[in-house]
1. I want to confirm something. Restricting to the range 99-145 and keeping residues that are among the small types (Gly, Ala, Ser) and in contact with a helix residue (DSSP H, G or I) (Cβ under 7 Å, 6 or more places away or on another chain), which single residue is modelled with the highest pLDDT?
2. State all residues of the range 21-61 that are more than 27 Å from Lys138 (Cα to Cα) and open to solvent by less than 10 Å² (accessible area, probe 1.4 Å); if no residue qualifies, say none.
3. Please go through the range 318-358 and pick out each residue that is open to solvent by 20 Å² or more (accessible area, probe 1.4 Å), more than 30 Å from Gly106 (Cβ to Cβ), not in a loop (DSSP other than H, G, I, E, B) and not acidic (Asp, Glu).
4. For the condition basic (Lys, Arg) and either under 24 Å from Leu470 (Cα atoms) or touching a residue at least 24 places away in the same chain (Cβ under 8 Å) (or both), what is the one hit in Arg314, Arg321, Arg278?
5. Any idea which of Asp395, Asp315 is modelled with pLDDT under 90, open to solvent by 30 Å² or more (accessible area, probe 1.4 Å) and of a type outside the set (Gly, Ala, Ser)?
6. Would you be able to say whether some residue in the range 138-158 is in a strand (DSSP E or B), closer than 26 Å to Ala235 by Cβ, open to solvent by less than 10 Å² (accessible area, probe 1.4 Å) and touching a strand residue (DSSP E or B) at 6+ places or on another chain (Cβ under 9 Å)?
7. Go through the residues of the range 159-178 one by one and say whether even a single one is hydrophobic (A, V, I, L, M, F, W, C) and open to solvent by 30 Å² or more (accessible area, probe 1.4 Å).
Amino acid sequence: MSYILALDQGTSSSRSIVFDEQGRVVALAQQEFRQIYPQPGWVEHDPQQIWASQLATARQALAQAGLTAADVRAIGITNQRETTLLWNRRTGQPLHNAIVWQDRRGEPLCAELRAQGHADRIRATTGLVVDSYFSATKLRWLLDHVPGARAAAERGELAFGTVDTWLLWQLTGGRVHATDVSNASRTMLFDTRAGRWSPELLALLQVPESVLPQVLPSSHLYAETDAAVLGVPIAIAGIAGDQQAALFGQACFTPGMAKNTYGTGCFMLMHTGARFQRSSHGLVSTAAAQTGAAPGFALEGSVFIGGAVVQWLRDGLHAIRASSEVQALAESVPDSGGVVLVPAFTGLGAPYWDADARGAIVGLTRGSTIAHVARAALESIAFQSAALLRAMTQDGGNVTELRVDGGASVNDLLMQFQADLLGIPVVRPRITETTALGAAYLAGLATGVWKDLPTLADQWQAERRFLPTLPRERALARMEEWEHAVRQATAR
């Protein structure tokens, strides 16, 4: 039996999962780490805590499985994307906390770039909208605000990376400074169509080329770990950003196949094959996980507040004591009673891209209860995701079913409402750890555990299919209620 160790480094926790050659979970370990909020709109992580928690869970998962490092064929890495780190190449010490993807401190520079007329060129090159969500303005902030950073970078002393690059550096004792195409495509510095760093954007953002990692395919023999890390050297053979890894783990290998991940945010990706397709409806174009020299692309929509709205019900409104209680509370009423909640707590992502939008609850009456608000909160996740699929359809996509994963995908009420809004089946897989599974698949392909993509496609199995039951005219009317509420949240 061959085993793959997947390192799944997320926004709020680090997880490690051992998979067998049937793609089954053998063991799982998870460890949360500290979220740092220096001021409103800023979010940071301690890079050393990221590494320490990831290493601890790797060791725990192997121990739970009754395995040693010698039993592991390869390691796959998947990671929170866009989160930006800068460290000293000689000492390995970070110059600053990691700036997290949610962080908004780069928005003034983004506004400047837009005002100067660079948005269209950046989008044509990278596939991305100009937004502080992506890594470039975070890196520029570090170079401009950490004392001595820019001078050290100009001397070639510093290394930049997203979280995958930081973990790879640590696993190899600083021998390898690399990333994969899927993570590189989220930096706003990468010519995604050409598959290389963009000299034009590096000059525009004032980023020295010497800080950048080498860009390699997602399924690739990157290196071996230092023996001291887990006991014996293990091949590191797969890397992909979390959402591209989930697309791969859902076996969405061909154009038109799509998945939606319901996590802190929601992330919908539709594979577009070898075609770099620019969106005209608020989506971004991104690199899909790449198994060889041939490029692959996807359209993506990112919702900033997905499952996090349930955390707000728990921690902000104190409407529930545990997130698991939300379905029962929402089901205690037959519908939302006309209440619509727009969870624009940190602005609105795709397809709206309004950084100044703020949360709103509309449609309240004297008869509204906390149960109606809870139901509207759950429905807001589905409404935002439906807006993403509508944009994909407007861009020419023909999605016939949506494969789903992530924590909130276990909520049957939400998944049924999602199918009703979309008018297509919503399919939940038997194995919902699709992000980590995608990283494992990439590593296993590079090391011969799995033969090819058709083998992986045959391994994918559905656990439940949610079929639409709402008449289309009623579904469209509900979407119009949502869009009306969005207009209230974005009114100036």
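1. Here the answer is Ala136.
2. Across the range 21-61, the qualifying residues are Gly23, Ala27, Ala29, Thr57, Ala58, Ala61.
3. Ser323, Ser324, Gln327, Ala328, Leu329
4. Only one candidate qualifies: Arg278.
5. It is Asp315.
6. No, the range 138-158 contains no residue that is in a strand (DSSP E or B), closer than 26 Å to Ala235 by Cβ, open to solvent by less than 10 Å² (accessible area, probe 1.4 Å) and touching a strand residue (DSSP E or B) at 6+ places or on another chain (Cβ under 9 Å).
7. Scanning the range 159-178 turns up no residue that is hydrophobic (A, V, I, L, M, F, W, C) and open to solvent by 30 Å² or more (accessible area, probe 1.4 Å).
Let's see how each residue does on (1) crowded, with 24+ Cβ neighbours inside 10 Å; (2) out of contact with any Ser or Thr (no Cβ under 7 Å at 6 or more places or on another chain):
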site: Ala360; (1), (2): no, yes
site: Ala371; (1), (2): no, no
site: Ala374; (1), (2): yes, yes
site: Ser385; (1), (2): yes, yes
site: Ile424; (1), (2): no, no
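The values are calculated or read from the model by the stated rules, or taken from the named source; none is laboratory data. Please read these numbers as outputs of a predicted model, since none were measured by experiment. All Cβ positions, even for glycine, are placed from backbone atoms using ideal geometry, and neighbour counts span all protein chains on display. SASA here: full protein model, heavy atoms, side chains in, ligands and nucleic acids out. Shrake-Rupley method; radii C 1.70, N 1.55, O 1.52, S 1.80 Å.
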